[in-house]
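Some notes on the structure that comes next.
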Amino acid sequence: MHITLKFCGERSKETVDLLLENLKNIRSKGPFAINIEGMGGFPDLIRPKVLWAGVGGETATLSEVRDEVEKAAHRASIPRDNKKYTPHVTLGRRNSDRALAQEVLQQMQRTQPFTEPWTVREIILMKSELSPMGPRHTPLGLFKI
């Protein structure tokens with residue numbers, strides 16, 4: 001389970017090395033608490049391509065950290081992401097344009113996930129590789145915040 005702060009796509013080793021160096025200089029926000037709460041979908045919950053669990057708690061601090069990561073990536077020549085940031089945990093993906101069945105939608109709206117808060121103390125730059133067995137994630141760097 002992870003919360004993506006910035007998706008960088010395929011990058012050269014030189015760009016990744018520069019990003020790693022830039023992430024070392026993120027201004028500390030100190031530990032903060034977040035939790036899972038609510039559920040939604042992209043682009044919406046009626047015809048979702050992605051189903052997700054939302055993030056609650058100190059989301060303003062999470063957004064500040066995300067902004068710092070965005071700046072570090074930009075200094076490494078990785079283009080800025082201009083979409084509104086919606087912190088979430090991806091629960092699943094669909095390959096259909098059909099609306100969810102009404103019963104499924106009602107059950108999802110009744111059963112909203114919620115967790116106790118946990119403390120965020122670090123972020124990790126991850127390398128993701130897709131394979132027939134599913135994605136494989138390799139940590140490239142860990143950064144205290």
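Where a number appears in this text, it was derived from the coordinates with a stated rule and is not lab data. Note that the coordinates shown come from a computational prediction; the quantities given were computed from them, not determined experimentally. All Cβ positions, glycine included, derive from the backbone under ideal geometry; neighbour counts span all protein chains shown.
Using C-alpha pairs below 8 Å separated by at least 6 residues, the relative contact order for segment 13-144 is 31 percent. Counting only lysines at least 8 places from K84 when in the same chain, those with an alpha carbon closer than 26 Å to its own are K6, K24, K29, K49, K71, K127, K144. Neighbour counts of C-beta atoms inside 10 Å place M126, M108, M133 in the sequence M133, M126, M108, starting with the fewest.
What does the extension gain come out to for T15 and K49, with contour length at 0.36 nm per residue minus their alpha carbon separation?
9.2 nm
Around the amide H of F32, modelled in the peptide plane, lie the amide H atoms of V120, all under 5 Å away and 5 or more residues distant in sequence or on another chain.
Using a 10 Å cut-off around each Cβ, can you sort L45, L5 from fewest to most neighbouring Cβ atoms? Before the final figure, lay out the partial values.
Working: L45 16, L5 19.
Listing L45, L5 from fewest to most nearby Cβ atoms yields L45, L5.
Annotation: amide H-H contacts under 5 Å for T4 (H modelled 1.01 Å from N, sequence separation of 5 or more, or interchain): H88. The distance linking segment 24-101 with segment 127-145 is 17 Å (Cα centroid to Cα centroid, whole angstrom).
Would you work out the charge dipole size for segment 13-144 about its Cα centre, treating the Cβ of every Lys and Arg as +1 and the Cβ of every Asp and Glu as -1, and quote it to the nearest 20 debye? That gives segment 13-144 a dipole magnitude of about 220 debye.
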